[in-house]
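**Q** Handing you a structure now.
The values are calculated or read from the model by the stated rules, or taken from the named source; none is laboratory data. Not measured: the values here are computed from a predicted model. Positions of Cβ are generated from backbone atoms using ideal geometry, with glycine treated the same way; all protein chains shown enter the neighbour counts.
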Amino acid sequence: MPYLTSSGVRLYYEETGHGSKGRTPILFVHEYSGDYTSWEPQVRHFSRNYRCITFNARGYPPSDVPRPVSKYSQRIAVDDARAVLDHLGIRKAHIMGCSMGSQTTLFFGLTYPRLAKSLTLIGIGTGADPANAKVFRRDTEAKAKLMEEGGLAAAFKLVRVAANRVQLKDKNPRAWDEFCKRYMEHSALGCANITRGVQMHRPALHTLERKLKALKVPVQVIVGDEDPGALTAGVYIKTICPSARLLVAPATGHLVNNEEPELLNALSESFYAQVDTGRWKPRKV
């Protein structure tokens, strides 16, 4: 099994495809309830012409699961993503993330803009509303305790009825079954630590206004119209960031990459072609 080391923590990764001339490699960053396999529909599509890299974040077996919460943070997640690129000798990549992974993708672009050819943010938005900051932190701590005391099974009872996730079950029962199976293979300790170390300290998007206005990296924000938090966040990023464009998937929830893979792949194929050939231009302000 292929591993790399980031700050003493082993991360499992997979690499598929060699990439055609002029095609920038793609690094996929998974969501909180998913893992590297969540990107299978994208890897199958893009690996025909792109070098595709997926990996499991720290806390998600077969990657290491450090016990101290201090080993988890948003900056650490960003540096782990960079460690993957460094290990593979990739100087610049398209970064695509979903949910928690989209937050890491955004901060990767803000932290290491020279390493990012583009940023794709799917379902970004949890914790983005400053008006709900206290409630968000309270609920996040409760989620971490539920993981510790009841394990993955207890936590999954909430996930499987979440309003922005049931669309996958209705649209594609087989994909939903695969999602459920993979979820139960995660680490309760890892998820609890990520909840406290990463999720709980997520800044509201309005605190990033100055950085978003200055961001030059091409940004593609993709949200489902049945994912209210992400929809609001997507509109905000589009309004503030001249380098961003917003795409809304109809009758779709949080997991656009799994719910509507053909749509996401087609949109991203066009986006990457524009960026790689220099035809993408930011909005004039």
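**Q** When you scan the range 84-98, do you find a residue that is more than 29 Å from Arg245 (Cβ to Cβ) and either touching a residue at least 40 places away in the same chain (Cβ under 8 Å) or not charged (D, E, K, R) (or both), even just one?
**A** Among the residues of the range 84-98, at least one is more than 29 Å from Arg245 (Cβ to Cβ) and either touching a residue at least 40 places away in the same chain (Cβ under 8 Å) or not charged (D, E, K, R) (or both), which makes the answer yes.
**Q** Moving on. Looking only at residues in the range 239-254 that are in contact with a Lys or Arg (Cβ under 7 Å, 6 or more places away or on another chain) and closer than 22 Å to Tyr32 by Cβ, which one is surrounded by the fewest Cβ atoms within 10 Å (Cβ to Cβ)?
**A** Only one residue fits best here, namely Gly253.
**Q** Is one or more of the residues making up the range 182-204 in a loop (DSSP other than H, G, I, E, B), polar (S, T, N, Q) and over 25 Å from Leu246 (Cα atoms)?
**A** Yes: one or more hits.
**Q** Going by the conditions given, is Tyr236 under 17 Å from Leu27 (Cα atoms), buried (at least 22 other Cβ atoms within 10 Å of the Cβ) and of a type in the set (Phe, Trp, Tyr)? Talk me through it step by step, then tell me what you get.
**A** Working: under 17 Å from Leu27 (Cα atoms): no; buried (at least 22 other Cβ atoms within 10 Å of the Cβ): yes; of a type in the set (Phe, Trp, Tyr): yes.
No.
**Q** Sticking with this one: Taking the conditions exactly as written (in a helix (DSSP H, G or I), free of Cβ contacts under 8 Å to residues at least 60 places away in the same chain and at negative phi), does Ala77 satisfy them or not?
**A** Details: in a helix (DSSP H, G or I): yes; free of Cβ contacts under 8 Å to residues at least 60 places away in the same chain: no; at negative phi: yes.
It is false that Ala77 is in a helix (DSSP H, G or I), free of Cβ contacts under 8 Å to residues at least 60 places away in the same chain and at negative phi.
**Q** Right, Arg210: of a type in the set (Lys, Arg), at pLDDT 95 or above, within 20 Å of Gly125 (Cβ to Cβ) and assigned to a helix (DSSP H, G or I) or not?
**A** On the way: of a type in the set (Lys, Arg): yes; at pLDDT 95 or above: yes; within 20 Å of Gly125 (Cβ to Cβ): yes; assigned to a helix (DSSP H, G or I): yes.
Against the criterion (of a type in the set (Lys, Arg), at pLDDT 95 or above, within 20 Å of Gly125 (Cβ to Cβ) and assigned to a helix (DSSP H, G or I)), Arg210 qualifies.
**Q** Pick out the one residue from Ile222, Ile237 that is more than 21 Å from Glu40 (Cβ to Cβ), at pLDDT 95 or above and hydrophobic (A, V, I, L, M, F, W, C).
**A** Of Ile222, Ile237, the one residue that is more than 21 Å from Glu40 (Cβ to Cβ), at pLDDT 95 or above and hydrophobic (A, V, I, L, M, F, W, C) is Ile237.
**Q** Within the range 230-268, which residues are assigned to a helix (DSSP H, G or I) and polar (S, T, N, Q)?
**A** Thr232, Thr239, Asn257, Asn258, Asn265, Ser268
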